[in-house]
Amino acid sequence: MNPNAVSERHPDLYFPDGDVILAVKQTPHSGAVEPPKYTLFRVHKFLLKHHSTTFANFFADANVAPAEVYDGVPLAEMFGDRAEDFAVLLDYLYNPTSLVFKRNDPNIPLTVSGVIRLSDKYLIEPLRRRLVQEVCAAWPTTLVEYDIKQAEIDSLRALPLNAPLKYRGRLADVIPEPASAILFAQEFDCPQILPAAFYTLSLIPITHDWDAKPRECHEPLAKWSLLDNENLVRYIHGFQSLNKYRPHPIQFLCEHCDVSWNMDGPAEPVNNSSYDYIKRLLDVVWDGAGPSVTHSDPIRLLAKCFNYYDMPELSEKHFPDGLCEGCDRLLSRRLPEERKRLWENLGEWFKVK
Ligand SMILES: [Zn+2]
């Protein structure tokens, strides 16, 4: 260790009966010119060897070479690690109950990234797996999971201002944050969460920045500045595809009604009540979404279409002939299918597949 270095014993992870001291450099304050600072962890070789073959080999090699001695036990410097991450790693190993996270905590990806890097370096696979799972669990990988998560976020968003104290404050502080999740998924190889994370990101206006919004903000926010050029291009790609997406009434017409549609004829089938009905349905839902700086959230809009029977704009008064039986059957089947198709396309549209 550098003879000018300043060393500090860790307040909790310095056990009097530990048989080795690990010295790990602290991250210097930016711009400060000062001697390097180390955190000293006095720990038990047994525990580290038990979890990590890398540590087992490290201690075997250290036994051969004479080590620096501090406080009566050998001291080893851990090169290239950050003391802050090392403390969290040791805390997890010594106190497995500390491995508890607040559900949907948006800070989890950044909190655990350093420890996962250490788990990779020291081959502590179960811990790595557990932490990656923790981040992935916050992101849906199927449309059903997406709907469940979205319903939860919608309920939080709809809470009145006089809700109990623990539900007040920034919405963004109690729901997963997409930009940090995207970086996490790419670094730690869990691409399955990318479509949902990018879709969520694409519904957040660029002005809704994590660092710029006050405590009262009740909208989802993103850590926009984390995204590099490649991810911004992915975002734009998916955004533009979603922005121009709008289903066509023809997709939902039964075989019988579809015959009246002639590709060489007029732009729309003439005198086809079912076509008019479906066109009106899509117009009501899409145009009714109102102006937005993001795209119109077609996954939500397609779900809105499911209730076509209850829409006053489509009542018998407006459409005395309504839908033909075949179109009715087809529409109620194809709307969910179309929604699923859209969900499955997200990976391609955001260029993450
Ligand atoms: Zn029909």
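The values are calculated or read from the model by the stated rules, or taken from the named source; none is laboratory data. Owing to the predicted nature of the structure, the values given are computational and were not obtained by experimental measurement. All Cβ positions, glycine included, derive from the backbone under ideal geometry; neighbour counts span all protein chains shown.
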task = All but one of (1) more than 16 Å from the ligand (Cβ to nearest atom); (2) assigned to a helix (DSSP H, G or I); (3) more than 30 Å from N231 (Cα to Cα) hold for R334, so report the exception by its number.
result = (1)
Contacts under 7 angstrom Cβ, first residue in the range 284-304 being surrounded by 15 or more Cβ atoms within 10 Å (Cβ to Cβ), partner polar (S, T, N, Q) and outside any helix (DSSP H, G or I), 6 or more apart = W286/S296; A289/S296
remark   = Residue pairs within 7 Å by beta carbon, gap of at least six or interchain, first lying in the range 69-85 and assigned by TED's automatic domain parsing to the domain that holds K45, second polar (S, T, N, Q) and not in a helix (DSSP H, G or I), listed first then second, are R82/T27; A83/Q26; A83/T39; E84/T27
inquiry  = Looking only at residues that are part of a helix (DSSP H, G or I) and surrounded by fewer than 19 Cβ atoms within 10 Å (Cβ to Cβ) in the range 313-331, which one is nearest to the ligand (Cβ to nearest atom)?
reply    = G326
ask   = For I153, which of the numbered conditions (1) part of a helix (DSSP H, G or I); (2) modelled with pLDDT under 95; (3) surrounded by fewer than 16 Cβ atoms within 10 Å (Cβ to Cβ); (4) β-branched (V, I, T) fails to hold?
value = (3)
